[in-house]
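Report on one structure; see the data block that follows.
The values are calculated or read from the model by the stated rules, or taken from the named source; none is laboratory data. None of these values were measured; they are calculated from a predicted model. We place every Cβ from the backbone using ideal geometry, glycine too, and count neighbours over all the protein chains shown. Accessible surface areas use protein heavy atoms only, side chains included; no ligands, DNA or RNA. Shrake-Rupley method; radii C 1.70, N 1.55, O 1.52, S 1.80 Å.
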Amino acid sequence: MSEQLTNREKRIPRVLFLAILFMQIPFIISYHVLENSSLLLPLLTGSYVGLVLMLFFTFYNGIKNYHLITIGFIVIQLLPLYVNSMKGIEINIQDYIGTVAKTLNFFLFFCLLFSVGVKKQQLSKFMKYIVWFALLACMYNFIIHFSEIINLRYITSGYELDLKSFFVNRNQFGAFLFISIVAHYYLVSGKKIQLYTIIIFFIQLSNLLLTMSRGAILASAVFFAILYVQHVKNIKVITVMIAIVMAVLVFFLSSEELVAFLTNNILRLDSGVAGRSEIWEMGLTILRENNIINGVGYFTGIDLAKAQGFQFDEFHSLYIDTLVSGGIIELIFLLSLMIYIVRRCLKQCYDRGYKKIYIASFLGILILGFFESLSFFTLGYVGTLLTVFYISIPILLGNMEAT
């Protein structure tokens, strides 16, 4: 193996983690350090330029394949803009910016990664960075929201709290904690569980519960369920898991106060999907009234919705957002791309433990996508985090060299 490739391998975990961090830092500076949201756009622009240059010079080694799929992706992004202009629909300028950014991100996070060789220890380093960043966020959350946490038992509704650490909102923090838990599982896969590992898991899970983000909690439950169902032949594992679940249930059900707290504040059964059904209906209305085939562009769709009294900046669903952005064509393209990546990873990744973790977490994120505005290849923190974790990482899992 050449020295050049070895040097590039050494940079992989740091570069991928920095790509995520670059998109998070502007939000931290704007909302928590300077408390001036007007600085977000210039900070985000500077971070993104740095991200593009860093990824290009790290991963570029020519493109041998995927020319046609790249052209197809570009056409899907341009089609809503063209149709809107033909129909006289005013296009939000952010859709032009988004088209350029999504095309660049598709090239950087998808196309370039197929030519990148990687070893297991390099992927482990990336997962370690994610876990340590999660611990930092959890510690910050404990410190900055200490008074709210110690008075948790006095709240009457989960909506009274917004324990979000240094993230924009608690749902975003919850989604990151879900991914950090998955990253932690990658780290401990095939290894003996140590005491410090249990402590870290406890910190992650406790913070996840404190977010009271039902979507992230549900995604985590799906992840755990699917992951351990895959071990159904291992009687010891199943026995231990059943014992743990039963112990937890007995602990919570033994106290009426705990049951009431879970029902009212975390499950929030009385609030249903928290008004999301009306939000989803608005997104579908925009599609019906305009173009369900190729969409209208995400930000243009939000503008059209606001003209009808819509009060939000997103449709709270990966699938509705994608339909509004690029219609049925973009949704089919995205799902087909994910299926291709899944099949490739399952076929080429030699580590069975990693494959089980990947599938369980992938299904978890698909479930979360029903309730949250997740995105792939988009400009911003959420889009970058999910693109790295569910596009780039599984590609690298397929490229992983046995050592």
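Ligands, DNA and RNA aside, Ile193 has an accessible area near 90 Å² when probed at 1.4 Å. Computed about the Cα centre, the dipole magnitude for segment 296-403 is approximately 560 debye when only Lys and Arg (+1) and Asp and Glu (-1) carry charge, each at its Cβ.
Listed peptides 128-137, 276-285 appear in the order 128-137, 276-285 once ranked by packing, highest mean of other Cβ atoms within 10 Å at the front. Taking 0.36 nm per residue of separation and subtracting the current Cα-Cα distance, fully stretching the chain between Glu278 and Ser336 would add 18.1 nm.
Put Phe362, Phe57, Phe107 in order of accessible area, highest first, and with a 1.4 Å probe you get Phe57, Phe107, Phe362. Taking amide H atoms as placed 1.01 Å from N in the peptide plane, the amide H of Val118 lies under 5 Å from those of Glu401, each 5 or more residues away in sequence or on another chain. The stretch between Ile143 and Ser115, if pulled fully straight at 0.36 nm per residue, gains 5.8 nm over its current Cα-Cα span.
Placing pseudo-labels 7 Å out from each Cα toward the beta carbon at Tyr60 and Arg352 gives an inter-label distance of 4.2 nm. For the pair Ile292 and Asn151, the difference between a 0.36 nm per residue extended length and the Cα-Cα distance amounts to 46.0 nm.
Per-residue surface analysis assigns Ile292 an accessible area of about 80 Å², computed on protein heavy atoms at 1.4 Å probe radius. Cross-link pairs exceeding 22 Å between alpha carbons, from the set Lys102/Lys356; Lys128/Lys355; Lys120/Lys347; Lys125/Lys355; Lys102/Lys355; Lys10/Lys102: Lys102/Lys356; Lys102/Lys355; Lys10/Lys102. Using the Karplus relation 6.51 cos²θ - 1.76 cosθ + 1.60 with θ = phi - 60°, the per-residue 3J(HN,Hα) values for segment 119-129 come to 10, 4, 5, 6, 5, 4, 5, 4, 4, 5, 4 Hz, with x marking Gly and Pro.
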